[in-house]
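As structure tokens, the structure follows; a few thoughts come after it.
The values are calculated or read from the model by the stated rules, or taken from the named source; none is laboratory data. Remember, predicted model here, so these are calculated numbers, not experimental data. Ideal geometry is used to build each Cβ from the backbone, glycine not excepted, and the neighbour counts take in all protein chains shown. Each accessible area value is taken on the protein alone, full model and side chains, heavy atoms only, with ligands, DNA and RNA left out. Shrake-Rupley method; radii C 1.70, N 1.55, O 1.52, S 1.80 Å.
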Amino acid sequence: MTETKTDGATLAPPVLILLGPPGAGKGTQARMLQKRYGLVQLSTGDLLRAAVAEGSEAGKAADKVMKSGGLVSDDIVIAILRDRLAAPDTAKGVILDGFPRTTVQAEALDDLLAESGQQIDAAISLEVDDEAMVHRIAGRYACAACGEGYHDSFKQPQVEGVCDVCGASNMKRRADDNAETVAERLAAYHRQTAPLITYYEKRGALQRIDAMGPIDEIATTVSRAVSKATKG
Ligand code: AP5
């Protein structure tokens, strides 16, 4: 990814947001962008699951809410993201996967970025049908060692049970990937997160992408949107 403009001025590292309901493919596309552009994927879902696994106070508070399918409180999520954004690796640029999810979080992100003279380059909205999402989530699993994502129908490893990327043979499914919790996660998305589409559209930062096709085709469209948004 370009780091200097043709006139020699330094470009700020890219900040991209992937918006979309559960199962839209945010994590899938974020990992592909990470490989392609060397950006860092920041998934608040992953950060919260790590906090739960550590047993920190924030993790304990988040655990119950995540199991119900609701949104963890803005205070907890913003604090976790602020800490992660302060790590040196984010200087390469970031893809925010699952953050912001409320208007309060979007405003907090603007403030955090402003502290280092940055702003978002694009909010990419992955648009899918609710029914397709339930199928995508129900069939999803991942490598416990490296996090590579798989799906019973759409993306199986070359050797059953063995990760294509790291070779580990320990696949896991998420505790909140069940029909009841997915319904609440979808409801939370429509109630609290969907308004962010208008928030970013009004700022001219929104790029809508039809995310119902094959993963590779969507990746091509997403890459095109990223190149357009980050062109110096
Ligand atoms: P989080 O971990 O962010 O989950 P989510 O938003 O529900 O999103 P998912 O990870 O389920 O889906 P995805 O869009 O990444 O899709 P994926 O690429 O995996 O959040 C979990 C919980 O944490 C929340 O419910 C909340 O409680 C809490 N939380 C997190 N962030 C928060 C915040 N900011 N504020 C408050 N609370 C927060 O794809 C799904 C499956 O489909 C995969 O198997 C994949 O292989 C497959 N797939 C992907 N694309 C395609 C395609 N084009 N065609 C066919 N299959 C596909």
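Worth a mention:
- In this simple spin-label model, placing a label point 7 Å from the Cα along the Cα-to-Cβ direction at both Leu113 and Ala138 gives a separation of 3.7 nm.
- In Hz, Karplus ³J(HN,Hα) per residue of region 205-216 (6.51, -1.76, 1.60; θ = phi - 60°; x = Gly, Pro): 9, 7, 10, 8, 10, 6, 9, 8, x, x, 3, 5
- Using the Cβ-Cβ distance between Ala86 and Ala145 with R0 set to 25 Å, the FRET efficiency works out to roughly 0.40.
- Zone residues, region 87-119, relative to Ala12, backbone N less than 11 Å from point 7 Å out along Cα-to-Cβ: 110-119
- With a Förster radius of 35 Å applied to the C-beta separation of Phe154 and His190, the computed FRET efficiency comes to 0.90.
- Segment Tyr199-Asp75, length gained on full extension (0.36 nm per residue, minus Cα span): 42.6 nm
- Ligands, DNA and RNA are left out, and with a 1.4 angstrom probe the accessible area of the chain is 52 Å² per residue.
- Net charge in the neighbourhood of Thr102 (other residues with Cβ under 12 Å of its Cβ; Lys, Arg +1, Asp, Glu -1) is -1.
- For the chain, the share of accessible area belonging to carbon and sulfur comes to 50 percent (1.4 Å probe, ligands and nucleic acids excluded).
- Note on the chain: GNM, Cα springs under 10 Å; of Ala87, Ala211, Ala12, the largest mean-square fluctuation is that of Ala87.
- The smallest convex shape that holds all Cα atoms of region 33-137, its convex hull, gives 133 Å³ per residue.
- Alpha-carbon Debye profile of region 140-232, log10 I(q)/I(0) at 0.18, 0.19, 0.20 Å⁻¹: -1.08, -1.10, -1.12
- Built amide H within the under 5 Å cut-off of His151, gap 5+: Tyr141, Gln156
- Rounded to the nearest angstrom and listed largest first, the equivalent-ellipsoid semi-axes of the chain from its Cα gyration tensor are 27, 21, 18.
- Magnitude of the charge dipole, the chain, Cβ model with Lys/Arg +1 and Asp/Glu -1, debye to 20: 260 debye
- FRET E, pair Glu54, Cys166, Förster distance 25 Å, beta-carbon r, rounded to 0.05: 0.65
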